[in-house]
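The values are calculated or read from the model by the stated rules, or taken from the named source; none is laboratory data. Remember, it's a predicted structure, so these values are computed and weren't measured experimentally. We place every Cβ from the backbone using ideal geometry, glycine too, and count neighbours over all the protein chains shown.
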Ligand code: WT7
């Protein structure tokens, strides 16, 4: 890859080149991939007309770039290293040759059930290699994968299946996480009973937990049985550059989760380019991203990014604190991990478990550390730097979103000067701008405002599945001709960026995005709930916790609070469970009926002054009542 950035001068030169002649720049990058047919135009369409296209006219298959391409040069290199939940269980390794074969067989297995190009396939699985293999198998035959995180409830799963009308779902009998078994097949069965899931014709069950499940005749198939008699020869489907590659659901400030749709060529180039430049992985390195493939981080930086670069990617099935808080460090030591990419919430949780775990492990193999998912606080940054990196490993604080496909603002490991808690500088091809309250672009270098991106980049979301209007409304309408991120951001005098967090009604709980409206809707399902308002508040480990103010028709009791929690778990999943529930008599509403969330956020954070202008409140006395009852 002659485009790999090697030093800071090179970065600045490439940044300018990508800004001034984007088509030439990205054509040069794209040239290093395998195409069935090259593009007619590198970039076309625009943010204003919400029809951005990259490499239009080109044909390709992303799996040929992830797999076949490496068969010629490094068939025996380790592609995937699977580390099981139980430390006493042996790891599994797949060379590029073996992974290629498994993907082809799995693709043929999907085909044998009638799956074809353009079909949507739902993957509701735990972190086993067959999940990564299924992702690539879908891409091999042009089916659009929709991975649903294994922590979501039956109802949440059903909603996602219905929205994309998937016709096949792959699941596990159960998922192993710490000392728990997640009943994935049972939850799938429940989901498929719900109205709206009739599109599912087949269920493939991969055996992992050996727990008891029921198989429905004619609908359910065992993975190991189906795969036993398929061929390992599966030519890669020809895909157009802008054919959808996958849909991944994420929460917004309103309504139900949105199916973020990424397309083939642009996403591929962005995943590969950002992985190579941010992490600077070398030939014999072992790279470990601790995310779950159910989130975008696992799509781009466990699966596609590393494999496109021919790297060795680790898949970890377990949790950071089981059997004890040394698990991550034990894995680093045992497998000589060179690159370690995790979330601030995990760092904070492990930091709280005492230094002996990390200090007693041999972490000398580490070269680069990464952080993703939420702003990293000063204390966690320094602990990560000192105790994990031994002040010897650059920390790449990578800012991006499900919608951006890959990293947009981040240091490049070993190249960019670091500044704690700063995502630092944009990657080539990314032009961030800060907007003031009047909706104008702030010209001063040192500034704070809402973060927008001024230009299209290859990995950019193209639409919301089935709802292009909502896509335009959500991302492209707030600021004319710009992509709005939903994040607030500061820029220092050197032009370094620091993300301050969401400015909309989205909360970031342990790096997971949760819409307040979604949680409110779930709480409203309880028959005794009259109204609910949900906000985020600072939480030591999770970053943000969920605080629910609820008006009930019955008086407050432990019973009703428990039932409300159950309701949320049923509708969304345990990740959306409120940390605090305050039963209130009224909510601070304006005369026009709008809840003043700003006041609720302040009270939840125990800030009891500077509520701002409250003159439009219908009944100012509710504020005192809420304040007095704060948890
Ligand atoms: C939101 C996107 C990026 C993949 C995982 C989350 C926050 C993400 C950082 C960071 C500060 C960050 C933002 C963003 N975020 N990375 N390095 N520093 N904030 O993807 O679920 O789509 O969430 O996560 O608020 O908007 P996501």
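Working only within segment 495-516, note down all residues that are modelled with pLDDT under 95 and on the phi > 0 side of the Ramachandran plot. Those that are modelled with pLDDT under 95 and on the phi > 0 side of the Ramachandran plot: 501, 510, 511.
Please work out if residue 417 is modelled with pLDDT of 95 or more, surrounded by fewer than 19 Cβ atoms within 10 Å (Cβ to Cβ) and assigned to a strand (DSSP E or B). The answer is no for residue 417. Of the strands (runs of 3 or more DSSP E) that lie entirely inside segment 8-97, those containing 1 or more residues that are under 25 Å from the mean Cα position of the chain (by Cα) and surrounded by 18 or more Cβ atoms within 10 Å (Cβ to Cβ) span 53-56, 78-83, 92-95.
Conditions (1) more than 16 Å from the ligand (Cβ to nearest atom); (2) crowded, with 16+ Cβ neighbours inside 10 Å; (3) over 30 Å from residue 462 (Cα atoms), marked per residue:
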position	(1), (2), (3)
477	yes, no, no
487	no, yes, no
498	no, yes, no
529	yes, yes, yes
547	yes, yes, yes
561	yes, yes, yes
588	yes, yes, yes
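A single member of 292, 233 is out of contact with any strand residue (DSSP E or B) (no Cβ under 8 Å at 6 or more places or on another chain), modelled with pLDDT of 95 or more and under 30 Å from residue 428 (Cβ atoms), and it is 292. Highlighted here are the strands (runs of 3 or more DSSP E) found entirely within segment 434-545 that include at least 2 residues which are closer than 30 Å to residue 622 by Cβ: 483-491, 497-502, 506-509, 512-515, 529-539.
Name the residue, out of 454, 419, that is more than 21 Å from the chain's Cα centre (by Cα) and either closer than 20 Å to residue 260 by Cβ or within 14 Å of the ligand (Cβ to nearest atom) (or both). Sole residue among the options that is more than 21 Å from the chain's Cα centre (by Cα) and either closer than 20 Å to residue 260 by Cβ or within 14 Å of the ligand (Cβ to nearest atom) (or both): 419. Taking segment 140-162, which residues are more than 19 Å from the chain's Cα centre (by Cα) and more than 28 Å from residue 66 (Cα to Cα)? 154, 155, 158, 162, listed by residue number. Restricted to segment 351-408, and to residues that are without any contact (Cβ under 8 Å) to a residue 60 or more places away in the chain and in a strand (DSSP E or B), which residue is farthest from the ligand (Cβ to nearest atom)? Ranking the qualifying residues of segment 351-408, first place goes to 369. Look at (1) farther than 17 Å from residue 403 by Cβ; (2) within 16 Å of the ligand (Cβ to nearest atom); (3) surrounded by fewer than 23 Cβ atoms within 10 Å (Cβ to Cβ) and you find that residue 250 fails only one, number (1). Of the residues making up segment 192-224, those that are within 30 Å of residue 321 (Cα to Cα) and buried (at least 18 other Cβ atoms within 10 Å of the Cβ) are 205, 206, 208, 209, 213. Just name the residue that is farthest from residue 4 (Cα to Cα) out of those in segment 279-307 that are buried (at least 24 other Cβ atoms within 10 Å of the Cβ), more than 11 Å from the ligand (Cβ to nearest atom) and touching a residue at least 60 places away in the same chain (Cβ under 8 Å). Filtering first and then ranking leaves 293.
Filtering 166, 197, 122, 138 for residues that are in contact with a strand residue (DSSP E or B) (Cβ under 6 Å, 6 or more places away or on another chain) and part of a loop (DSSP other than H, G, I, E, B) leaves a single hit, 166. Selection of first residues in segment 602-631 that are within 16 Å of residue 545 (Cα to Cα) and of second residues that are at pLDDT 90 or above and assigned to a helix (DSSP H, G or I), restricted to Cβ pairs under 6 Å at least 6 apart or on distinct chains, gives the following pairs, ordered by first then second residue: 603/626; 603/627; 630/603.
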